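The values are calculated or read from the model by the stated rules, or taken from the named source; none is laboratory data. Because the structure is predicted, anything quoted here is derived from the model rather than measured. Note that each Cβ is placed from the backbone with ideal geometry, even for glycine, and that neighbours are counted across all protein chains shown.
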Amino acid sequence: MNALEQQYRRALRLYPAEWRRSNEDVVVGTLLDAAEHEDRSIPRRGEIANLVLNAVNSRLTRVPSLSRAARDTAATTALAVGAAVALTSAMQLEAGTGAVRAFDPDIATLGPFTSPTVVVYGLWLGAFFAAIAGFRGTARASVAATIPAAVASRLIADAEGMFGRPTWTFLALLIALALLVVSGSPGRRWPAFVSTFLAATAVLLSVNAQTASAFQNPFWMDAPGFLGWFPALTLAAAAGVFARRQRALATAALVVTLPFTAAAVVNGGISQAASYALLVALGLVVVCAAPRLFGWRLTLERR
Amino acid sequence: MREPTFLVLAALLEGPKHGYALLSAVNDLSDGRVNLQVGTLYGALDRLSRSGWVMESGTEIVDGRHRRYFTLTDTGARALAEETARVTARANKAAALLAQHRKGFAL
């Protein structure tokens, strides 16, 4: 095995094991054929990155057995809900900045903002407005950019000892929502975005009002005790929608609920984790088993 | 239908092809404009196989390299015919509008 083949096989390790078993040798053969015809002993420009991207895409499209309609609806819902999370978190966090500065004028901040996470919020809101304006590609790209931005913002805030450090749970929730957006195609109808955004914002603001103050606990999902209501309500809503035979919407609601439920399990403590875990399991059973139980169409083909 | 998908299906009209032969055929069909990456090609072939538009039609090993041949199915040929008709109709309409535009410009 020469160095080029080794490089190709290393890149292909990111594909699912099942895919590699049946395709790896054939794909490596084609890569080496192309290299030989182009008289190369190193990968073509962008070739390894392309393999990595296709490997990630292959995993994203294989993990959930969702129809394209369900994935697209989940992407639409996740985009609106993510923007609502960004808006409410930004409002709550930045509202505390004045109080913090009064208490400790030397505390590290990012200019007028508490931390670089403001960039993540900005990208989410930018994506939301781009989607409403019909620029769906821009919206997806902006949401995709929130993933590295979220990780970088926490690392920078840690290094600088900033007050407004987002928790990893909070960032993981935003990243999970971003992955839902990029694994589907957000819809074209702006009323769907606006109504979901307004509903999610109303829920999050009311939740924020009931939980810890912004000064002590700026990241609302770290306050235990309330978050179980959110998945419970959305599960009930999903059941209602499902009863009306809108299966894609019901599935999407369940899928978007899962990151919130997972955050509740992480932050709610042992006693609450059991009940939330039950909700998560119920959601997973419905999401995974429903296609077989009800004979949903499983194709992931984009036409 | 995206352009790479269209070109892959069109390339298979000539008969069964393996991976590298498909890459070359797509490049020729697009007059050198579309230079598919191998990862993209197999991603497209995965999707096309799942939807029944192409099927595997044999494998061979040449100089120690594995080759898998792909064939266009009847369903794939129908989808390609429909897309070709759609693209042709669109191009014809645009050509007619362009002719009108030129005429208006000349006046």
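Could you list all residues from region B:31-46 that are over 15 Å from B:Ala77 (Cα atoms) and either touching a residue at least 24 places away in the same chain (Cβ under 8 Å) or surrounded by fewer than 17 Cβ atoms within 10 Å (Cβ to Cβ) (or both)? Hits for region B:31-46 are B:Asp31, B:Gly32, B:Arg33, B:Val34, B:Asn35, B:Leu36, B:Thr40, B:Leu41, B:Ala44. A Cβ distance below 7 Å, combined with a sequence gap of six or more or placement on separate chains, defines the contacts here; from region B:1-30, residues that are within 9 Å of chain A (Cβ to nearest Cβ) reach residues that are modelled with pLDDT under 95 and part of a loop (DSSP other than H, G, I, E, B) in the pairs B:Met1/A:Arg303; B:Leu23/B:Leu36.
Of all residues in region A:5-20, exactly one satisfies the criterion of being within 12 Å of chain B (Cβ to nearest Cβ), under 16 Å from A:Leu53 (Cα atoms) and among the charged types (D, E, K, R), namely A:Arg20.
Hey, does region A:164-178 have a residue that's in contact with a Ser or Thr (Cβ under 7 Å, 6 or more places away or on another chain) and either part of a helix (DSSP H, G or I) or at pLDDT 85 or above (or both)?
yes
Only one of the listed residues (A:Asn23, A:Asn54, A:Asn2) is within 14 Å of another protein chain (Cβ to nearest Cβ), modelled with pLDDT of 85 or more, farther than 30 Å from A:Leu254 by Cα and surrounded by 15 or more Cβ atoms within 10 Å (Cβ to Cβ). That residue is A:Asn23.
Inspect all residues belonging to region A:26-38 and state whether any of them is crowded, with 16+ Cβ neighbours inside 10 Å and either closer than 23 Å to A:Ser142 by Cβ or at pLDDT below 85 (or both). No. Checking B:Leu97, B:Leu9, B:Leu23 one by one, the residue that is in contact with a Phe, Trp or Tyr (Cβ under 7 Å, 6 or more places away or on another chain) and in a helix (DSSP H, G or I) is B:Leu9 and no other.
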